[in-house]
Amino acid sequence: METESGIVLLAGAMVWGLVQMLWSSTMARFEQGFDWGMGPRDEPRAITGKAARLDRAYRNFLETFPIFAAAMLAAIVTGSVGALALWGAHLYLWSRIAYTILYLLGVPVLRTVVWIVSVAGICMVIAAPLV
């Protein structure tokens, strides 16, 4: 049961990554123009405001997700998906969702605190097979 919960949380993080990718790229295309987006994009077009914030939040997700995924897979493979890994995975997933929303809204300090919580979640998942 715990292994299945770990897999569900890993899948949840993957779905959130896909949602972020689609949300970010759609907002960018609205700003840059869909004709430009469907073309060769030979000349770059900058994005600003909320579209740029979503893009930065997504790129930040891409920095943390591989570490989380590897840690979660290590916990699953070693049979270490217990309370520590599950709490860590929940912290990671829900913090990443909150982080994106806070970044979109332009909330500076709380966003950083939430990012730290997500990293603590990763650390908990990493620690699970080690304890």
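On full extension of the chain, what length is gained from Glu63 through Ser5, given 0.36 nm per residue of separation minus the C-alpha to C-alpha distance?
18.5 nm
Determine, for Trp16, Trp36, the number of other Cβ atoms within 10 Å of each Cβ, and report the residues in order from fewest to most.
Ordered from fewest to most neighbouring Cβ atoms within 10 Å, Trp16, Trp36 come out as Trp36, Trp16.
Rounded to the nearest 20 debye, what is the charge dipole size of the stretch 1-130 about its Cα centre when +1 sits on each Lys and Arg Cβ and -1 on each Asp and Glu Cβ?
320
Given a Förster distance of 41 Å, report the FRET efficiency between Val77 and Met38 from their Cβ-Cβ distance, rounded to the nearest 0.05.
0.50
How would Leu9, Leu22 line up from fewest to most surrounding beta-carbon atoms within 10 angstrom?
Ranking Leu9, Leu22 by Cβ neighbours within 10 Å, fewest first, gives Leu22, Leu9.
Using the 10 angstrom Cβ neighbour count as an exposure proxy, how do Arg56, Arg96, Arg45 rank, fewest first?
Arg45, Arg56, Arg96
Under the Karplus relation 6.51 cos²θ - 1.76 cosθ + 1.60, θ = phi - 60°, what is the ordered set of whole-Hz ³J(HN,Hα) values for the stretch 13-18, x standing for Gly and Pro?
After applying 6.51 cos²θ - 1.76 cosθ + 1.60, I find 5, 5, 4, 4, x, 5 Hz.
Which Cα, out of Val77, Val131, Gln32, lies furthest along the positive dipole direction of the chain (beta carbon charges, K/R +1, D/E -1)?
Of the listed residues, the answer is Gln32.
Sort out for me the Cα centre separation of the stretch 93-131 from the stretch 17-73, rounded to whole Å.
The stretch 93-131 and the stretch 17-73 have Cα centres spaced 19 Å from each other.
Each value in this text was obtained by applying a stated rule to the coordinates, not by laboratory testing. Please read all numbers here as calculations on a predicted model, not as lab measurements. Positions of Cβ are generated from backbone atoms using ideal geometry, with glycine treated the same way; all protein chains shown enter the neighbour counts.
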